[in-house]
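Comments concern the structure below.
Taken together, the values in this text are just the output of simple stated rules run on the coordinates, not laboratory data. Quick caveat, the model's predicted, so the values are computed rather than measured. Using ideal geometry, Cβ is built from the backbone for each residue, glycine included, and neighbour counts are taken over all protein chains shown.
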Amino acid sequence: MTSDLDTLIVGAGIAGLTAAAELRAQGQRVLVVEKSHGLGGRAATRRRDGLRIDHGAQYVTVRDPRLQARVDGWLTNGDVAVWSHGVPSWDAAGGWRAPAADAHPRYVAPEGMSALAKLLGAGVPVEREARATAVRADGDGWSVGLADGSGRRSRSLILTPPVPQTLELLAGVALAEDDRAALASVRYAPSFAVMAGYPDVTLPDWPAIQLREHPVLSWIANDAGKRRRDPAAPASAVLVLHATAVYARARFDDPLDAVGDAMLAAAAEVVPWAGAPAWRDVHRWRYALAETPLPEPVRVLAPGLVAAGDGFGGARVEGAFVSGLAAAEAVSDPLG
Ligand SMILES: Cc1cc2nc3c(=O)[nH]c(=O)nc-3n(C[C@H](O)[C@H](O)[C@H](O)COP(=O)(O)OP(=O)(O)OC[C@H]3O[C@@H](n4cnc5c(N)ncnc54)[C@H](O)[C@@H]3O)c2cc1C
């Protein structure tokens with residue numbers, strides 16, 4: 001068992017990579033273990049036939065000055081771009097509505113939203129396809145068992161999966177009752193994402209459509225409009241559809257194909273050509289958005305044991321970033 005780590009971080013999403021990079025910059029020996037092959041977690045980008053498609057987080061909004069400073073640097077380098085200042089909305093009764101005039105910028109990454117995680121976690125060592133299966137107290141530190149039967153030991157441990165998954169990892173740790181109850185109170189809305197390609201349709205002139213009071217869809221994004229392109233070459237449309245939480249809960253276990261058909265039919269009510277793509281992929285998100293995050297940016301469960309991620313503080317990408325910074329602070333060595 002490896003035992004020379006200062007901090008082990010479970011999860012290479014926005015929160016985990018932010019925390020890891022911060023601690024590494026302070027001189028800590030850190031390691032991130034990530035169950036998937038890719039980085040970014042729900043800041044997710046799928047590659048398909050040379051395309052990049054954001055099927056998780058769609059854009060970032062910023063209020064925290066520390067995130068704004070990062071975004072400003074990324075803007076300068078072209079790693080992010082301002083996508084829109086608000087998006088139009090649609091509802092069956094009132095039709096289309098323009099975005100509010102003072103809507104704040106929505107930032108996107110032309111290379112796909114997972115690029116943000118890579119920027120935040122630059123230089124951080126990550127073991128991919130390494131699923132943590134259990135956590136236990138181990139002397140003055142913590143041990144994490146991995147699915148391949150190996151384990152990692154560290155002085156401090158930061159857990160950044162969606163909170164229900166963090167609670168599963170903590171099944172063998174004696175938590176204070178109020179901590180366990182607080183973690184158990186964090187719920188997430190599920191969703192489905194449909195990614196659909198329309199080679200014969202040119203790019204729509206809207207960035208996305210927010211659907212209001214719709215029984216199936218909450219969002220239709222003009223995903224190809226986020227990518228860098230040669231202005232002389234006509235680009236074809238790629239849409240990303242997101243299901244409402246109510247619809248996703250009702251149909252969560254249904255076959256993905258049937259869900260995809262229903263979501264595309266719903267999109268065609270708003271965008272008539274959307275119902276007949278040349279190709280489509282469907283993704284099921286068990287934990288999409290934190291609905292009841294805890295107000296604090298992290299929860300310190302025991303000395304050196306911290307739960308973090310978008311289930312804490314402000315939720316969303318920005319909340320995950322702020323939580324990652326707070327997690328690093330919680331396990332940083334005050335003596336430097
Ligand atoms: C459909 C959808 C749309 C969204 N839209 C937006 C948006 O427009 N704007 C916005 O700001 N936010 C949006 N979000 C939310 C945003 O993506 C998340 O809030 C944010 O990315 C969460 O980051 P995180 O690091 O807290 O968690 P995650 O991204 O979930 O990262 C946790 C990581 O832990 C890994 N992991 C889990 N369990 C284990 C384990 N046992 N062992 C090892 N690794 C493990 C996961 O694979 C994952 O990589 C959206 C999310 C979804 C799904």
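Can you tell me the alpha carbon radius of gyration of segment 179-232 divided by the globular rule-of-thumb value 2.2 N^0.38 Å?
This ratio for segment 179-232 stands at 1.74.
How big is the Rg/Rh ratio for segment 50-106, C-alpha atoms only, Rh by Kirkwood, two decimals? Before the final figure, lay out the partial values.
Working: Rg = 14.4 Å, Rh = 13.5 Å.
Rg divided by Rh gives 1.06.
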Note down, for segment 206-301, the three equivalent ellipsoid semi-axes (square root of 5 times each alpha carbon gyration tensor eigenvalue), biggest first, whole angstrom.
28, 20, 13
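Could you tell me what a quarter of the Cα convex hull surface of segment 256-336 works out to, in nm² with one decimal place? Before the final figure, lay out each step's value.
Details: hull surface 33.2 nm².
Across all orientations, segment 256-336 yields a mean hull projection of 8.3 nm².
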For Ala276, project a label point 7 Å along Cα to C-beta. Then give me every residue of segment 200-235 with its amide nitrogen under 19 Å of that point.
200-204
Computed over segment 85-238, Cα set: Rg, Dmax in Å:
22.1, 63
Label zone at Ala174, where the point sits 7 Å out along the Cα-to-Cβ direction: segment 120-151 residues whose backbone N lies under 18 Å
135-143
On a full-extension model of 0.36 nm per residue, what is the gain between Asp4 and Ser36, subtracting their alpha-carbon distance, rounded to one decimal in nm?
9.1 nm
Note, Gly275: beta-carbon cut-off 14 Å, +1 each Lys/Arg, -1 each Asp/Glu, net -2
Suppose each label sits 7 Å from its Cα in the direction of the beta carbon; what would the Asp253-Glu129 distance come out to in nanometres?
3.0
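Please state, as a whole number in µm²/s, the translational diffusion coefficient that the Stokes-Einstein equation yields for segment 1-61 at 25 °C and 0.890 mPa s, with Rh defined as the Kirkwood radius across alpha carbon pairs. Kindly include the intermediate steps, with their values, before the conclusion.
On the way: Rh = 13.1 Å.
In µm²/s, the coefficient rounds to 187.
So, R0 is 41 Å and r is the distance between the beta-carbons of Ser150 and Thr76; what FRET efficiency does that work out to, to 0.05?
On the way: r = 42 Å, r/R0 = 1.01.
Efficiency, rounded to the nearest 0.05: 0.50.
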Over the Cα atoms of the chain, what radius of gyration and what Dmax do you get, in Å?
20.6, 63
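Viscosity 1.567 mPa s, temperature 4 °C: what is the translational diffusion coefficient of segment 26-76 from Stokes-Einstein with a Kirkwood Rh over Cα pairs, rounded to a whole number of µm²/s? Can you show the working numbers first?
Details: Rh = 13.9 Å.
Diffusion coefficient, whole number: 93 µm²/s.
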Alpha-carbon Rg with Dmax, taken over segment 8-159, Å
18.8, 63
Read phi for every residue in segment 123-140 and hand back ³J(HN,Hα) as whole Hz from Karplus 6.51 cos²θ - 1.76 cosθ + 1.60, θ = phi - 60°, with x for Gly and Pro.
x, 7, x, 10, 8, 8, 6, 10, 8, 6, 10, 6, 10, 8, 5, 9, x, 8
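Tally Lys and Arg at +1 and Asp and Glu at -1 over the other residues with C-beta under 13 Å from the C-beta of Ser150: what net charge comes out? Before the final figure, lay out the partial values.
On the way: positive: Arg131, Arg152, Arg153; negative: Glu127, Glu129, Asp148.
Surrounding charge for Ser150 is 0.
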